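Reviewing the structure listed below.
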Amino acid sequence: MISPGFPLIIVFLGIIITTWSKLKKIITKQTFSTTKPMNKLPPGPPKLPVIGHLHLVGRLPHRSFQTLAKIYGPIMHLKLGSMPVIVVSTPEMAERLLRNHDALCAKRPMSDVSHDLSYGSKGIIFTPYSPYWRNVRKLCVVELLSSSKVKSFSWLRKEEIGKLVSSLKEASTENKTVEVGASVGGVLEELIYRMLYGSPKNDLALRSVVLEALRLSGTLNVSDYLTFLAPYDLQGLKQRIKKLMVIVDDVLEKIISNHEDEAKREQRTHRDLVDVMLSLVKNSDYPSSGTSYEIERENIKAILIDLVVPAIDSATNIVKWALASLIKHPEKMKKLQKEIENVVGMNRIVEENDIPKFHYLDLVIKEIFRLYPIIFAPHEAMEEFSFDGYKIPKGAQIFLNSWAIGRDPTIWSDNCEEFYPERFIDNDIDTISGQDFRLAPFGFGRRRCPGTQLGLLNVKLLLSQLVHCFDWKLADGKSPENLVMKEKFGLVMSMANDLVVIPKFRLNNI
C-alpha cells in the first residue's frame, strides 16, 4: 500500500526526469544495437529514468502486476526505482523457476522497516537463507509446529474456541454486533500466547503493535526504491517503526524476564519455546540440528515476532474472508451447515476429530485460498542466473503473483472471479505441500510457511464452529449481496473493511 504523498512525489520526479531523458536522447547516439548481450531481461513496459516503473504501481500492486502481465507475458521485468523486480504470473512459469532455481531464490528482500522489525535479520521471515535460518526454522518446527506438538495442544484449542462460542452466544442473546476479525483474532492471540509462553496474554498483549509494525513493513516505501531519498524518510515510516519497536521490545523483554525469573525459582512446570531458546543463549548446541549456532536475546525476540503475527493474522484473515464469502452466498452457507449438521448434529459443538469428515469445508477453504491469497512476501535472487533465456539480476525481487494465478481463466475457467467451491470437486490440487503451483497458499519453495499444519487446523476449527453454531446477518440491515469484498495490500492481504455482523445461535440448548 502506498502512502497518500507517494503519487505526488512520483509525478514531480516524472516531470523532471522525462524532460531530461528527452534532452539526453537528442544529444547522444544509441549504439547498443551493434553489441549482442549475453542475456536479456524479461519483457516489460517502457520505463522512466530514475523512477523506472514506480508510476505504474498503484495501491494494490498485485492487481497492477496482473494487468501488466496480460500485456507483457507470464514473466515480466519491472524497475521500481533502482530495484529490479521479476513478476511471475502463471503456475507453469513459477514451477519451472523454483524447481530449477529455488536455492538461488531462497532469500527475502530486506527493507529499512523489516530490518528494524526483525532486529536486523535475526528472526525467520526476513532472515537470509543460511545455516542459521535453517536451524532456527527446524527449532520452531520441532518445539512448536510438529504433528505431535500440534496434537498436544488440542485441549487448549477446545478451551479457547469454547470461550469464543460462549461469548458469541451471549452476543446473540443480546442481539449485539461483533467484528469478526477482532473476535477471531482475540482467540488466536490467546492460543498462540499460551502455546509460546505458557501463559495467557494478560498485560503482554503484543499483537496490536506488531500488526501495525507489519502493516508498515508491507507499505511500499519510496526510500527502498529511490535510495537517495532514504535520509529524508519522506513517508515517516522509519520514524514510526522505531517508536513501535520500543513498545514491542518492552513487551518481549517482559516475556523473557518472566521466564528467567521462574526458571531461577524453579517454578516452570514445563518447557515452552521461550525456555528452549533461553537454554540456547548459554549453549549454542541444539540436539536436533547436529550443528551449533549463536542465539542471543535479540534472536529470541525476533523469532517470537515472526511466530506471533503470521499465526494470528493469517488465520484471522482467512476465516474472515471465508465467513464473508459464505454470508454473501447464503446457498453455500446452508450447504456447509448441512454437511456439519449431518456429522455433528444440533446438540453439540464441533470437535477436532470431526474435522476430517467435512469435505465441503475443504472445498470452501481452497476457494478462499484461490480468491484471496494471504501471503505476498517476495523472494530475492541471491546471485545472477539465467532462466528461460532471460537474465535474472542479482538482488532482484521475485514476485510470484498468487493473485493473478488464482484468477487465471485458463486454469479456473471463465467463472474465475466467482466464489464457487464446487470447482474443487474431484480436483487433485494439493494445497499443503507447496508443490502444486496452481494453489500454494502457504508459499513456494524453501521459504514456504513452516506452520501450515497448525494454521490450517485453526482455520478449519474456527470456521466450522462459526458456521455450525450460528446464523449470521450483516449489521444495519445490510443485504448480503451488497457486502463489499475488497482487499488491502500488505505482507498479509486482509479485507479493506471490518466485517461487522450479528450472530444468531442455532444449536439446541447446550
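The values are calculated or read from the model by the stated rules, or taken from the named source; none is laboratory data. None of these values were measured; they are calculated from a predicted model. No Cβ is skipped: glycine too gets one built from the backbone with ideal geometry, and neighbour counts run over all protein chains shown.
So the check is Cβ under 8 Å with 6+ separation or different chains; which pairs have a first residue in the range 487-510 that's in contact (Cβ under 8 Å) with a residue 12 or more places away in the chain and under 27 Å from PHE442 (Cα atoms) and a second one that's among the acidic types (Asp, Glu) and surrounded by 16 or more Cβ atoms within 10 Å (Cβ to Cβ)?
Every condition considered, the pairs that remain are VAL492/ASP313; MET493/GLU487; SER494/ASP313; SER494/GLU487; MET495/GLU487; ALA496/GLU487.
Check ILE365 against each of (1) in contact with a strand residue (DSSP E or B) (Cβ under 8 Å, 6 or more places away or on another chain); (2) crowded, with 18+ Cβ neighbours inside 10 Å and name the one condition it does not meet.
(1)
Can you run down the residue pairs with Cβ atoms below 7 Å, 6 or more apart or on separate chains, where the first is in the range 57-74 and without any contact (Cβ under 8 Å) to a residue 40 or more places away in the chain and at negative phi and the partner is part of a loop (DSSP other than H, G, I, E, B) and surrounded by fewer than 17 Cβ atoms within 10 Å (Cβ to Cβ)?
Pairs found: SER64/GLY58; LEU68/PRO45; TYR72/PRO43; TYR72/PRO45.
Working only within the range 438-454, note down all residues that are under 17 Å from ALA103 (Cβ atoms) and among the aromatic types (Phe, Trp, Tyr). Before the answer, list the steps.
Filtering the range 438-454 down to residues under 17 Å from ALA103 (Cβ atoms) leaves 443-448.
Hit for the range 438-454 is PHE444, nothing else.
Looking at SER148, is it among the hydroxyl-bearing types (Ser, Thr, Tyr), surrounded by fewer than 18 Cβ atoms within 10 Å (Cβ to Cβ), modelled with pLDDT under 95 and outside any strand (DSSP E or B)?
Numbers: among the hydroxyl-bearing types (Ser, Thr, Tyr): yes; surrounded by fewer than 18 Cβ atoms within 10 Å (Cβ to Cβ): yes; modelled with pLDDT under 95: yes; outside any strand (DSSP E or B): yes.
Criteria met by SER148.
Write out, first by first residue and then by second, each pair whose Cβ atoms fall under 8 Å of each other, whose residues are 6+ apart or on separate chains, and whose first residue, in the range 85-107, is farther than 24 Å from TYR225 by Cβ while the second is assigned to a helix (DSSP H, G or I) and of a type outside the set (Gly, Ala, Ser).
THR90/ILE405; PRO91/ILE405; PRO91/ILE411; LEU98/CYS105; ASP102/ARG446; ALA103/ARG446
Results for (1) buried (at least 17 other Cβ atoms within 10 Å of the Cβ); (2) under 28 Å from LEU156 (Cα atoms); (3) in contact with a strand residue (DSSP E or B) (Cβ under 7 Å, 6 or more places away or on another chain); (4) not acidic (Asp, Glu), shown as yes or no for each residue.
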{"site": "THR431", "(1), (2), (3), (4)": "yes, yes, no, yes"}
{"site": "GLN435", "(1), (2), (3), (4)": "no, no, no, yes"}
{"site": "PHE444", "(1), (2), (3), (4)": "yes, no, yes, yes"}
{"site": "LEU474", "(1), (2), (3), (4)": "yes, no, yes, yes"}
{"site": "PRO480", "(1), (2), (3), (4)": "no, no, yes, yes"}
{"site": "GLU487", "(1), (2), (3), (4)": "yes, no, yes, no"}
{"site": "LEU499", "(1), (2), (3), (4)": "yes, yes, yes, yes"}
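Of SER183, SER223, SER118, which residue is polar (S, T, N, Q), farther than 23 Å from ILE318 by Cα and buried (at least 21 other Cβ atoms within 10 Å of the Cβ)? So that I can check it myself, show each step before the final result.
Values: SER183 fails: farther than 23 Å from ILE318 by Cα; SER223 fails: buried (at least 21 other Cβ atoms within 10 Å of the Cβ).
Only one candidate qualifies: SER118.
Quickly run through the range 159-180 and pick out the residues that are closer than 20 Å to ASN353 by Cβ and surrounded by 14 or more Cβ atoms within 10 Å (Cβ to Cβ).
Of everything in the range 159-180, those that are closer than 20 Å to ASN353 by Cβ and surrounded by 14 or more Cβ atoms within 10 Å (Cβ to Cβ) turn out to be GLU160, ILE161, LEU164, VAL165.
Determine if the range 386-405 includes at least one residue that is over 25 Å from PRO61 (Cα atoms) and at pLDDT 95 or above. Full working, then the answer.
Filtering the range 386-405 down to residues over 25 Å from PRO61 (Cα atoms) leaves 386, 389.
Now narrow it down to the ones that are at pLDDT 95 or above: 386.
Taking every residue of the range 386-405 in turn, at least one turns out to be over 25 Å from PRO61 (Cα atoms) and at pLDDT 95 or above.
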